[in-house]
Each structure stands twice: as structure tokens, then as C-alpha cells.
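Worksheet for the structure shown next.
The values are calculated or read from the model by the stated rules, or taken from the named source; none is laboratory data. Predicted model, so just to flag it, every value in this text is computed and none were measured. Reconstructed Cβ throughout: ideal geometry from the backbone, glycine too, with neighbour counts over all protein chains shown. In case anyone asks, the SASA skips ligands and DNA or RNA and just uses the protein heavy atoms, side chains included. Shrake-Rupley method; radii C 1.70, N 1.55, O 1.52, S 1.80 Å.
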Amino acid sequence: MRKRNYGYAIFSVLIVLVASFGIYQYTCAKQYQRMVNNQYHRSFSDLLDYVGNIELELKKGKAVTDSSQMSALSADIWKKAAFAQENLGQLPISDLELENTAKFLSQVGDYTYSLSKKMMDGESITLEEKQTMKELGDYATALYHSLSTMQDHLYEGKLHFTDTGKQLFLNADEPDFNSNMESVEKEFADYPSLIYDGPFSEHIHQFESKYLKTLPEVTVADAERIVREFLSEYQIVSVNQLEDGNGTISTYCFQVQTDEEDTQIHIAISKKGGYPVWMLNNKHVSSDGLSIEDAIEKAKQFLSEHHYFNMKESYYERMGNTLLINFAYCQNDVIAYPDLIKVKISLEDGKIMGFESNGYLMNHTTNRPMPETLLSSDEAYQIASNVMKVESQNLALIPLDTKKEVLCYEFKGKIDQDQYLIYLNAETGKQEEILLLLVSESGTLTI
């Protein structure tokens, strides 16, 4: 009888433990849902604000006749359109192809910028170009009203976000966010490709990776093998495939569990070629032991081991007990800044905490054509030294807002107590870019 009572007691305890664990899991899931839902709401609200501002700026553009005003207006639109695209990309709509909506947000900034450049060159805006600007304004108005209606429905509880693949917030009896965004996309079904002179044209929106475009696709099994090789410094317990990434570079995405309880790694591998596109370790780094110089050397060694050769470190930023370092490819002593790789190093043990190679994969080529006729180094130096005390110089390829690359002389130096980078076109001597360097104990940033 005692044994039977003892068995009942154990069984009761087990039921209580299972129930408690279930309640704990349910509570955690609810907290996660609220956190993700709040992030979606914030991104959607910011998207709406930026689209509303673009609409207002385009309306102002109808009255602009001065080139300086047009320049300020276009810069504002271009910036807000970029932020709008960023927030659009953070919404749970990865299963959808919002090509037309995204194309509008991209082209509206590029188009107004091209008009600004035209006016700065002393040309006038034609009636046809003004009409195009009006049509862009009409599309912005339609997009703003659609998004505004969706926001009202979100606040009223009539519309819910769908966490793609998990259906966290979808009530089967209520409309979901994805279907509403599909309706918005249909409104842009007739949105035209802008055809106009200048550096911004439709080919930008068909921009694909130079480095990956001719490479074959890898399988999921290949991608998992690449993940394990790339993260070989970790003791991997499991690799689980997540939803594929459908950005400019299509990727296989994975969640990696290591033998460290507080360490979980997310990583994306390009479907073409099988290259790591990004990787992030969420572990909190509580102490430091490595010097900045040692951390940079560790990052360079890591890149070399994974066949990223001729990479030169440029600027870094210390964030807590980690160091984020920018590396650019060098071709015959010319720094190609578009071929950018970012590596995040733990200052505690030198492990790789983060990696991002989007710039490198989109732009890299080993044999870029260089201009045959160059401004001499001495001629370029004379131009730069007229405005600042030059400390160093070298040749560099830099990306322009036009999405093109230009070969420049890069001059680093001081004006009064401030440090600058000045980029002079190596063919013409034109000043292409000016950057102010912010130097602190945490690193060097450019603005």
C-alpha cells in the first residue's frame, strides 16, 4: 500500500512539473510574441511616416525652380526613401514579392536626385519630367493612404501581423498583414519603369551580384557543410535550417546551437556559390583580454583562412567587449571600398562574433579596368594640400550615389583640429567626396 501511495506521489509531482514547464513555455512564447509584434508595429509606423514625408516633399517639388532648393529636396527624398525601404524589409512579408512597391521607393529617390544634378549643371526640367514627378507624387499618395488604412486596422485589432512560417499572430477568422500588403502591391501593378537620362536607370533595379551571378547553386546539404566549416572554431551541437532569405542575394538560413548554453548563432549562405553572407553570434561578451591590434590580426587571419585574400583593414569601432572591423579588397595597391567585408571579433577570446560580406559579394571582381589617363600624384597632392595638411595618400575606388565606382586619390589630413578624408577624381581632379573622421578610444568613424 505504501509503495502504491509512493507511486501516486511521484506521478503527481511529475504532473505538476510538466504542467509548470508548459506554463513557463507558454509564458515565454507570449513574451516573444509581444516583443516581435512591437518590433513589427514600430517598423510599420516608421514606414508610414517616411512615405507620408515623401508624399509631402514631392508636392513641394512641383513649385521648385531653384537648383539649390531642388538639391536639398532630392537629398531629403532620397534619404527618406532609403529609410522606408529599410523598414519595409523588416516586416514579416518574406513570402511575398513586393517588387513594384520596393521599386517605387528606390526610384523615387533616384529620380529626384537625377533632376537635382541636371539643374546643378544649368539645365532646365522639362514638362515631361515635371509630369513624371507629379505621377510619382500620385503613387506616393496612394501608398500612404493604403498604409494609413492598414495602421488604423492594426490599432483597432481588425488586422494582425503574420510571423511568416510560424503564424504567430494570425487569427483564422481575421485578415492578416500579408494579404493586405498583397493588395497594396496590386495597386502598383501598373507602376512604370522610369526611363530617363543620367546615371539612374532601370538596370539599377535589376542589379545582381557580380561575384555570384555565374556560379552554380549549392544544395542545402552543401550549405550546412559550409556552415560547419565556417564556424569550425565552435563546438557545434546542431544546425537547423530556417526560412530561406529572399533578398538581393538568395540565401539558405540556419540556426546553430553550440556547446555553450548562452551561445546561439544565426548564419546565411548564398544559394549561388555557397558563400557566407552574414553571421551573428548573440553571446554577451563580458570581458576583454585581446588588444585591438591582436583582434585585427585575428580577423585578418580568419579572412585568409577562408580564402578572402588581399583584404586591407580600414576603420574599426569598439562596441563593449567586441571590435567591428571594416576590410576592403586591394587590387594592385588600389583600395576597392565597394568590396567591403565586416568582421566582429570577441576581445575576450578572439572568436568571430559577426560577419557580413554583402558588399564584397555584390561588387567583387579581381580585375577591374582602371582609367588609362590619370591625374598625376603630384597634381592631386597640390589640389588637396590647398585645403588641408595632408598626412597620407593612396588610390582608392569609391562607390557613388549613382551606384557607379570612380577611381580617386584618397587624402587623409587635418583642417584645424579636425581630421578629413578627401577624394579627388583620378582622371579629372574633381572633388568626389569629403568625409569627416571622428576619432575616439572606441575607434574611428566617418560621416
Under 5 Å from the placed amide H of residue 353, counting only residues 5+ away or on other chains, we find 344, 345, 346
Most packed first (mean Cβ within 10 Å per residue), the peptides 76-82, 62-68, 337-343, 299-305 order as 337-343, 76-82, 299-305, 62-68
Protein chains only, probe 1.4 Å: how do 280, 88 rank by accessible area, largest first? 280, 88
Given unit charges at Cβ for Lys, Arg (+) and Asp, Glu (-), the dipole magnitude of the stretch 359-427 about its Cα centre in debye, nearest 20, is 200 debye
Sticking with the crude label model, points 7 Å out along Cα→Cβ, report the distance from residue 248 to residue 75 in nm, one decimal please. 2.3 nm
Given a Förster radius of 25 Å and the C-beta distance between residue 383 and residue 417 as r, what FRET efficiency does 1/(1 + (r/R0)^6) yield to the nearest 0.05? 0.65
Mind checking the full-extension length gain between residue 317 and residue 56? Use 0.36 nm per residue of separation minus the Cα-Cα distance, one decimal, nm. 90.3 nm
With Rh as the Kirkwood radius over Cα pairs, the stretch 299-398 has Rg/Rh of 1.06
Whole-number accessible area per residue in Å² for the stretch 247-365, which is evaluated in the context of all protein chains at 1.4 Å: 42 Å²
Taking 0.36 nm per residue of separation and subtracting the Cα-Cα distance, what length does fully extending residue 293 through residue 405 add? 37.3 nm
Here the FRET efficiency for residue 130 versus residue 333, based on Cβ atoms and R0 = 51 Å and rounded to 0.05, is 0.60
Relative contact order of the stretch 231-288: what whole-number percent is it, with Cα pairs under 8 angstrom and at least 6 residues apart? 25 percent
Computed lengthening from residue 232 to residue 427, 0.36 nm per intervening residue step minus Cα-Cα distance: 65.7 nm
The percentage of the accessible area of the stretch 289-386 (probe 1.4 Å, all protein chains present) made up of carbon and sulfur atoms, to the nearest whole number, is 46 percent
